[in-house]
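A short reminder: the numbers here are calculations on the coordinates, not readings from a lab. Remember, it's a predicted structure, so these values are computed and weren't measured experimentally. Counting neighbours? That spans all protein chains shown, and the Cβs are built from the backbone with ideal geometry, glycine included.
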Amino acid sequence: MGLYDRDYTQADFHTQYGNTPQMRLNFPKLTPVVKWLLIANITIYVISVLTFLGPYIYEWFQLDTTSLGRALQIWRLISYQFLHDPVRIFHIIFNMLGLYFLGPTLERYWGSKKFLIFYLGCGVAGGLFYMLLVSIGFLPSRPMIGASGAILGMLAACAILFPQFVVIFFIFPVPIRLAAIILTIAYFFFVVTGSENAGGHACHLAGMAAGAAYVLSGPWRNKIKVKMTAGHRWQKKITEQRNLQIELDRILDKVHKYGIHSLTSHEKKILKQATKAEQMRNRY
C-alpha cells in the first residue's frame, strides 16, 4: 500500500508533460511507536520462520478459539497481532507497508501513547469480533494471526481525518475514502458468503469499524472528558474549602483560648488569607 499526501507534496510536483502535475510518493519519517512496531513484527516473523521456536510461538501466541481455555487466554488478543503467515510472505509485507505509510501520520496527530492504544485496540476489536462469530457458529474455529485488523483500523481513521490522502490500491492510485469503501464492501461480501478467509475478513471489518468509531466519537468523548474534569475540579475546590474551614475554625478556637500571640506564622498566614477572602466576598 503506497500513500500520497496531496497537501504536503504539491510543492514538489514536476510538470514533465506540459502542465500535468506528477505526484511524488511521500515516504514518511518513522515515528517512535511505528518504528518499534515494525521492528517487533519483523523480528518475531524472522524468529518464527528461521528458528525451531516457530511452532511454539504460534502455539502460545496466536488467537485460538479451538478450546474455551485457550479462548480465555486474553494475552492472545494482543500477541496474535505480531504473528504472520510463515508461508505467505506478502501477508507481513502488506501489513508492514500499511503500518509504515499510515502509522506516522496518526502517531504525530495523536501522540505516541494514544496511537499505540488505538493501534492495539483496533486489533483487539478484530479478534473479539472473530471470536464472537465463532461462538455463535457463524464461522468455523481456526487460529487467527496478523496485524490486519489494526492496519485497517488505521486506514479507516486516516480516511476520516485525512481525506486528501491517496493510496495505491493494487496498482491504481485512489482517494483513501474510496479505498476504504471498496474494502468494506469486499470484506462484508467475503464474510457473509463464507469465503476461505472469512475469519480474517471479519477481523478486517471489525478493525475498520473500531477505527472509524474511535475517530467519529472523538467530539463526544471530549465533551465527557471536559465535564468529568470540570466536575473533578469542582469537587476538589469544595474539598479544599471544607478543609480550609476546618483549619480556620481550629485557629479561631486557639485564638479564643490562648490569644493571637499563640499562633504560628503559618496559622497567621491562613487567618490573614481567610480574612482577606471574606472581605472580598462582602465587597461584591
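With springs connecting C-alpha atoms under 10 Å apart, model the chain as a Gaussian network and identify which of 66, 51, 264 has the largest mean-square fluctuation.
264
For segment 68-76, in order, what is each residue's ³J(HN,Hα) by Karplus, 6.51 cos²θ - 1.76 cosθ + 1.60 with θ = phi - 60°, in whole Hz (x at glycine and Pro)?
Taking θ as phi minus 60°, the curve returns 5, x, 6, 5, 8, 7, 5, 4, 5 Hz for segment 68-76.
If we count every other residue with Cβ under 13 angstrom of residue 103's Cβ, Lys/Arg +1 and Asp/Glu -1, where does the sum land? List each step's numbers first, then the result.
Details: positive: 29, 35, 108, 114; negative: 107.
Spelling it out: positives minus negatives among the neighbours equals +3.
For a Förster distance of 22 Å, can you work out the FRET efficiency between the beta-carbons of residue 233 and residue 275, rounded to the nearest 0.05? Don't skip to the answer; put the middle values down first.
Details: r = 25 Å, r/R0 = 1.16.
That gives a FRET efficiency of 0.30.
For the chain, find the longest principal axis of its Cα atoms and tell me its angle to the long axis of helix 148-161, 0 to 90°, nearest 10.
70 degrees
Most fluctuating residue of 27, 170, 190 in a GNM of the chain with Cα springs under 10 Å: which is it?
Of 27, 170, 190, the most mobile in the Gaussian network model is 170.
If Lys and Arg each add +1 and Asp and Glu each add -1, what is the summed charge of the other residues whose beta carbon sits under 14 Å from the beta carbon of residue 234?
On the way: positive: 227, 233, 236, 237, 242; negative: 240.
Neighbour charge sum, excluding residue 234 itself: +4.
Using only the Cα atoms of segment 102-195, build the gyration tensor, take square roots of its eigenvalues as a ≥ b ≥ c, and label the shape rounded, prolate or oblate: rounded if a/c is under 1.5, else prolate if a/b is larger than b/c, else oblate.
Working: a/c = 2.76, a/b = 1.36, b/c = 2.03.
Oblate shape, in that a/c is at least 1.5 and b/c is the bigger or equal ratio.
For helix 32-50, what angle does its Cα long axis make with the longest principal axis of the chain, in degrees from 0 to 90 and rounded to 10?
That works out to roughly 40 degrees.
What is the sum of charges, Lys and Arg at +1 and Asp and Glu at -1, for the other residues whose Cβ falls under 13 Å from the Cβ of residue 218? Don't skip to the end; give the middle numbers.
On the way: positive: 114, 221, 223, 225; negative: none.
With Lys, Arg at +1 and Asp, Glu at -1, the net is +4.
Counting alpha carbon pairs within less than 8 Å and at least 6 residues apart, what relative contact order, in whole percent, applies to segment 105-206?
Details: 105 pairs, mean separation 31.8, N = 102.
Relative contact order comes out at 31 percent.
Remind me, relative contact order of the chain in percent, using alpha carbon pairs under 8 angstrom and six or more residues apart?
Values: 339 pairs, mean separation 50.6, N = 284.
This gives 18 percent for the chain.
Angle check, please: helix 265-283 long axis (alpha carbons) against the longest principal axis of the chain (alpha carbons), in degrees 0 to 90, nearest 10.
90 degrees
Round to a whole angstrom and tell me the spacing of the C-alpha centers of segment 26-52 and segment 145-189.
21 Å
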